1. Within the range B:44-78, which residues are in a loop (DSSP other than H, G, I, E, B), surrounded by 16 or more Cβ atoms within 10 Å (Cβ to Cβ) and more than 8 Å from chain A (Cβ to nearest Cβ)?
2. Using the structure shown, decide if A:Leu197 is within 12 Å of chain B (Cβ to nearest Cβ), more than 22 Å from B:Phe58 (Cα to Cα) and within 19 Å of the chain's Cα centre (by Cα).
3. In the range B:94-110, which residue that is surrounded by fewer than 20 Cβ atoms within 10 Å (Cβ to Cβ) and part of a helix (DSSP H, G or I) is nearest to the other protein chains (Cβ to nearest Cβ)?
4. In the range A:101-187, which helices (runs of 4 or more DSSP H) lie fully inside it and hold 3 or more residues that are more than 23 Å from B:Phe63 (Cα to Cα)?
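Just so it is clear, none of the values below were taken in a lab; they were calculated from the coordinates. This is a predicted model, so every value here is computed, not measured. Reconstructed Cβ throughout: ideal geometry from the backbone, glycine too, with neighbour counts over all protein chains shown.
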Amino acid sequence: MNFKTKSISLAFALVAVAPLSAVQAEDAVIAQSDTINVASVSAVNTFNRNLKKETNINAAPSEDGIHDPANDSTHVLQPPKEAFSGFVTSKFGNYVDWVKTLEEGKINPRWDRINPAEEAFVMDMDIVREVKSSVPDVIFPHRQHTEWLACANCHPTIFIPQQNANQFNMSSILLGKDCGVCHGKVSFPVTTKSCGLCHSKPKPADWEPPMSQASLKNPWK
Amino acid sequence: MILNPLRKFINKFACVGILAGLVLMLGSQNVHAEYGDVVINNYSDAAGMRPAVFPHWFHRIRFRCKVCHADLGFEFKAGGNKITMAKIIDGQFCGACHNGEVAWSVENCNMCHSGNPGTPTHFHGSTVQRLVAPAYKSLESK
């Protein structure tokens with residue numbers, strides 16, 4: 001992975017010196033729209049080269065880049081900003097806190113396709129997963145999930161219903177598996193601002209991360 | 001100008017550069033699409049229709065996930081349900097609701113077929129796409 005990143009950045013540097021002006025122009029456009037530019041430094045050395053920032057939050061369909069503005073119906077579709085007005089906000093994803101928005105009764109999505117009176121089968125059971133890292137342990141709350149989902153959405157295809165019977169970690173989640181089947185696509189995404197929603201059980205005050213063997217055995221230390 | 005051996009080296013990497021540029025281009029487009037929008041384009045382009053766009057955020061205001069993903073049998077996979085118009089008018093998938101009973105009916109073609117032509121089947125604004133290194137490639141081909 002590391003190697004790949006390096007070769008791509010190397011390629012960028014080389015492309016810029018090569019007489020491939022089309023590619024260069026493309027890069028410049030990207031740099032302008034997504035990053036803060038340092039005065040007139042060449043595009044390859046943009047200040048925060050790899051930083052992706054959302055510039056147009058909750059964009060209307062006609063300007064979101066995936067809908068065709070030439071299609072009349074595109075302009076009939078509801079802009080997210082209008083739909084979300086009055087919802088509890090968050091700092092990521094749809095910029096909506098769906099859990100609180102539901103809890104506070106600002107929406108009442110149906111549990112049944114036809115019958116609006118049918119109620120969700122909610123189960124309040126927390127599962128704690130100890131994390132081998134300095135970050136707080138993970139609490140998986142069944143309550144917020146069963147407000148939206150049926151048991152069969154997760155059990156047994158995504159998770160065997162038995163504590164610690166499933167192996168998962170951050171890499172698998174970031175790749176869209178396990179918790180990442182939903183988190184990162186529809187439910188709140190994984191970003192610096194959302195770590196704490198899953199990692200919510202603080203470690204004991206005297207907790208220290210285990211030392212790496214390589215360093216403990218280092219004869220020069 | 002550029003020395004010959006260097007130029008060879010450059011040519012070798014130029015295509016990687018273009019690819020990386022394209023990935024960034026896609027990435028910069030995704031930045032604006034609402035989180036949870038799915039473009040479904042297994043067949044639309046080939047049939048001369050705009051790709052279908054499914055807005056999760058819009059539907060989850062009206063239905064819990066369970067309705068579609070348990071009762072109606074939508075798999076958790078963009079493009080994975082092989083939705084066709086034959087199935088829709090038969091009352092499956094989108095057709096379970098877009099039938100003039102629960103929601104507006106199927107003759108409003110361009111309400112669903114509203115995507116930019118040529119957009120691949122994709123999940124928009126996903127964490128995987130936001131990673132600096134495009135780790136999602138391997139998942140897409142899965």
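1. B:Ser44, B:Met49, B:Pro51, B:Phe74, B:Ala78
2. Details: within 12 Å of chain B (Cβ to nearest Cβ): no; more than 22 Å from B:Phe58 (Cα to Cα): yes; within 19 Å of the chain's Cα centre (by Cα): yes.
Against the criterion (within 12 Å of chain B (Cβ to nearest Cβ), more than 22 Å from B:Phe58 (Cα to Cα) and within 19 Å of the chain's Cα centre (by Cα)), A:Leu197 does not qualify.
3. Once the filter is applied, the top-ranked residue is B:Asn110.
4. Values: elements: A:142-146, A:151-154, A:170-174.
In the range A:101-187, the matching helices (runs of 4 or more DSSP H) lie at A:170-174.
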